[in-house]
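For reference, the structure is listed below as structure tokens.
Since every read-out is calculated from the coordinates, none of them should be taken as a lab result. Just so it is clear, the structure is predicted and the values come from calculations on it, not from any experiment. Note that we place each Cβ from the backbone using ideal geometry, even for glycine, and neighbour counts take in every protein chain shown.
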């Protein structure tokens, strides 16, 4: 069974490996062959820093379709995985202020159908969200500066920095991958 990952990012690849391993343990009878992973750089066709939930969803789906299309001729891809993280604003109940939410979305496509899955969302502090929306700076740059580290996105990510590694970027994507994979395997409900 071949899982094609639309990313060369190590945190995203780790998430896919861990998620598939968990699903395989739960549904071993559906994994009739060895699991293999292929990773390619996939285009999202959305902003480098998606700032709406719709853009995050489109980015994940576009990456899955790109991955499937670009690998299917030379490799028998069973599942193409597209992943996109981003930030979106949601109105507070009092309608006076917005809350910026960081969330990861995944779309998994098997050539016939696809499903979305998402991670938990975490509110961003104003010191991190303002530069995204007001100065058009990417989260990776803002979180690196705030944490005093380099390339946080390839390691524990903003999730890891904000939760003190209770929930890392890889954990967030792992959850989203599981959520998108389950409809393919839990045939009692899907």
> Using alpha-carbon positions, what is the distance between the centroids of the range 104-153 and the range 58-78, in Å?
Replying inline: 22
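Could you order peptides 9-16, 52-59 by the average number of other Cβ atoms within 10 Å of their residues, highest first? Intermediate results must be reported in sequence, preceding the final value.
On the way: 9-16: 21.9, 52-59: 19.0.
Per-residue mean Cβ counts within 10 Å order the peptides as 9-16, 52-59.
What ranking do 122, 108 get, fewest neighbouring Cβ atoms within 10 angstrom at the top? Present the calculation step by step, with values, prior to reporting the outcome.
On the way: 122 16, 108 30.
Least to most surrounded, the residues fall as 122, 108.
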> Helix-derived [θ] at 222 nm for the chain: sum -39500 (n - 2.57) over DSSP H runs of at least 4, divide by residue count, nearest 500?
Replying inline: -13000 deg cm²/dmol
>> I need to check one value: relative contact order of the range 2-185, counting alpha carbon pairs closer than 8 Å and at least 6 residues apart, in percent.
In response: 24
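Can you sort 68, 189 from fewest to most other Cβ atoms within 10 Å of each residue's own Cβ? Each step should come with its number before you reach the end.
On the way: 68 23, 189 6.
Ascending number of Cβ neighbours within 10 Å: 189, 68.
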> By per-residue mean of other Cβ atoms within 10 Å, what is the highest-first order of 154-167, 135-148, 76-89?
Replying inline: 76-89, 154-167, 135-148
>> Could you sort the peptides 177-185, 20-28 by per-residue average Cβ neighbour count (10 Å cutoff), highest mean leading?
In response: 177-185, 20-28
> Size of the range 40-129 along its principal axes in angstrom, Cα-based, largest extent first?
Replying inline: 52, 21, 15
